[in-house]
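A.B. asks: Once you've had a glance at the structure underneath, I'll fire off some questions.
The values are calculated or read from the model by the stated rules, or taken from the named source; none is laboratory data. All of these numbers come straight from a predicted model, not from anything done at the bench. So basically every Cβ, Gly included, is an ideal-geometry build from the backbone, and we count neighbours across all protein chains shown. Note: areas computed on protein heavy atoms with side chains; ligands, DNA, RNA excluded. Shrake-Rupley method; radii C 1.70, N 1.55, O 1.52, S 1.80 Å.
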Amino acid sequence: MSVANDDEVIPRAGVIGWPVAHSRSPKLHGFWLKQHGLVGRYDKLPVPPEDLAAFIADLPREPGFRGVNVTIPHKIAVLSLMAQVDDAARRIGAVNTVVVQPDGSLHGSNTDAFGFIENLKADAPAGWKAAAGPAVVLGAGGAARAVIVALLDAGVSELRLANRSIEKAEALAAEFGKAILPVAWDERMQALAGTNLLVNTTSLGMAGQPPLEIALDDLPLAALVNDIVYSPLVTDLLANAKARGNPVVDGLGMLLHQGRPGFEAWFGVAPTVTPELRAAVLAD
Ligand code: ATR
């Protein structure tokens, strides 16, 4: 292998997934690189599952490689390939950001919980606080785990978790403690009474997926409504919530905010989320 002069090596990162063609992360990090006038690159890196372990093992030896984002289907498998993982990654059970350390070891973190709560903080009405009351979370998959960790850390003391397969909600309650109250899918409407936050973490309402059916009559008007789904940007859930007067936050911001810690670790600049960034990431 040729050893490049340090001065000539372009810092680089990317997103590994299979498939990875759909990922908007290159637009996100590409925008920030350009905005800050940095020399660097961020690429889509298709890695089939059978090549994952070798790809990760080789990462520290690739000239200039500072780390990667990890997306479907590798987020869980990558966890066990790291030398160290942060607390959020351990609790969520998945890694979405890998950073090559100065000694060549690999550090895995999960910035999805950070991205979720930063998005709410940035776009919720002034004075709205996650800890002010019970939350309802729809879904009990990987995205729900990040949302649960974020809300527990934000001080939510009652989290009503509604899922089609109640066993998954019960398993998360057993794992994350007594703040999590499993709710049968058919009872999701009644669970809205007296709450401060409603989050959809299911794939329902996403383009090409079935609609999310939920009547919002029992939801207090001050409750914030957030959808992890950002394609479409304004889901039926958000449109219906807004029409009846609830504050809403869309799901794109979670993607944008979760990228901040990785970008800073790889390229040395703390980036911000702006309307221009949103427009650039949404543009096709
Ligand atoms: P992710 O990692 O994005 O959370 P996932 O782990 O596949 O994806 O979870 C998908 C979530 O959407 C689950 O909560 C799933 O419910 P089940 O656990 O019962 O499968 C939910 N979901 C998907 N399709 C659904 C549907 N038609 N009705 C209700 N919930 C659905």
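A.B. asks: Scan segment 163-272 for trypsin sites (Lys or Arg not before Pro) in coil per DSSP, keeping those whose Cβ has at most 14 other Cβ atoms within 10 Å, and list them by number.
C.D. replies: Passing sites in segment 163-272 are LYS178.
A.B. asks: Which value, in Å² rounded to 10, gives the accessible area of HIS107 with a 1.4 Å probe and all protein chains present?
C.D. replies: Counting only protein heavy atoms, HIS107 exposes about 50 Å² to solvent.
A.B. asks: Using a 1.4 Å probe and counting only protein heavy atoms, arrange THR272, THR97, THR71 so the residue with the most accessible area comes first. Don't skip to the answer; put the middle values down first.
C.D. replies: Numbers: THR272 75, THR97 5, THR71 30 Å².
The residues order as THR272, THR71, THR97, largest area first.
A.B. asks: Report the normalised scattering of segment 172-284 as log10 I(q)/I(0) at q = 0.12, 0.14, 0.21 Å⁻¹, calculated by the Debye formula with identical scatterers on the alpha carbons.
C.D. replies: -0.54, -0.71, -1.18
A.B. asks: How much FRET efficiency would the formula 1/(1 + (r/R0)^6) give for ASP236 and GLU8, where r is the Cβ-Cβ distance and R0 is 51 Å, rounded to 0.05?
C.D. replies: Step by step, r from the Cβ atoms, then E = 0.50.
A.B. asks: Based on DSSP H runs of at least 4 residues, each adding -39500 (n - 2.57), what is the mean residue ellipticity at 222 nm of the chain after dividing by all its residues, to the nearest 500 deg cm²/dmol?
C.D. replies: Per the formula, -9000 deg cm²/dmol.
A.B. asks: Equivalent-ellipsoid semi-axes (√(5λ), Cα gyration tensor) for segment 30-101, whole Å, largest first?
C.D. replies: On the way: eigenvalues 97, 45, 30 Å².
Over the Cα atoms of segment 30-101, the ellipsoid semi-axes are 22, 15, 12 Å.
A.B. asks: If you don't mind, there's one more thing I want to ask. Using the heavy atoms of the protein chains alone and a 1.4 angstrom probe, what is the accessible area of the chain per residue in square angstrom? Could you put the intermediate results ahead of the total?
C.D. replies: Numbers: 13030 Å² over 284 residues.
Per-residue accessible area for the chain comes out at 46 Å².
A.B. asks: Go ahead and set up a Gaussian network model of the chain, Cα springs under 10 Å, then flag whichever of ASP43, ASP58, ASP123 fluctuates most.
C.D. replies: ASP58
A.B. asks: A follow-up question, please. Would you be so kind as to identify which of GLY67, LEU237, GLY108 lies farthest towards the positive end of the dipole of the chain, taking Lys and Arg as +1 and Asp and Glu as -1 on Cβ and the Cα centre as origin?
C.D. replies: LEU237
A.B. asks: Using only protein heavy atoms and a 1.4 Å probe, report how much of VAL9 is accessible, in Å² to the nearest 10.
C.D. replies: About 40 Å², ignoring ligands and nucleic acids.
A.B. asks: Turning to a different aspect of this structure: Could you order ASP51, ASP217 by accessible surface area, starting with the largest, using a probe radius of 1.4 Å? Provide the component values of the computation, followed by the final result.
C.D. replies: Numbers: ASP51 75, ASP217 125 Å².
Listed by decreasing accessible area, they come as ASP217, ASP51.
A.B. asks: While we're here: How much length, in nm to one decimal, is gained on full extension between ILE72 and ALA270, taken as 0.36 nm per residue of separation minus their Cα-Cα distance?
C.D. replies: Length gained, ILE72 through ALA270: 68.7 nm.
A.B. asks: Another question, if that's okay. Using the Kirkwood formula on the Cα atoms of segment 1-147, what hydrodynamic radius do you get, in angstrom to one decimal?
C.D. replies: On the way: mean 1/r = 0.0593 Å⁻¹.
Averaging 1/r across every pair of different Cα atoms and inverting gives 16.9 Å.
A.B. asks: Simple spin-label model, 7 Å along Cα-to-Cβ: ALA283 to ALA53 in nm?
C.D. replies: 4.3
A.B. asks: Mind giving me the FRET efficiency for ALA243 and LYS44? R0 is 45 Å, r the Cβ-Cβ distance, nearest 0.05 is fine.
C.D. replies: 0.75
A.B. asks: Quantify, in whole percent, the carbon and sulfur part of the accessible surface of the chain (1.4 Å probe; protein heavy atoms only). Intermediate results must be reported in sequence, preceding the final value.
C.D. replies: Numbers: 7140 of 13030 Å².
Carbon-and-sulfur percentage of accessible area, whole number: 55.
A.B. asks: Quick check: from the Cα gyration tensor, does segment 123-224 come out rounded (a/c under 1.5), prolate or oblate?
C.D. replies: Cα axes put segment 123-224 in the rounded bin.
A.B. asks: With N set to the residue count of the chain, report its C-alpha Rg divided by 2.2 N^0.38 Å to two decimal places.
C.D. replies: With N residues counted in the chain, Rg over 2.2 N^0.38 Å equals 1.04.
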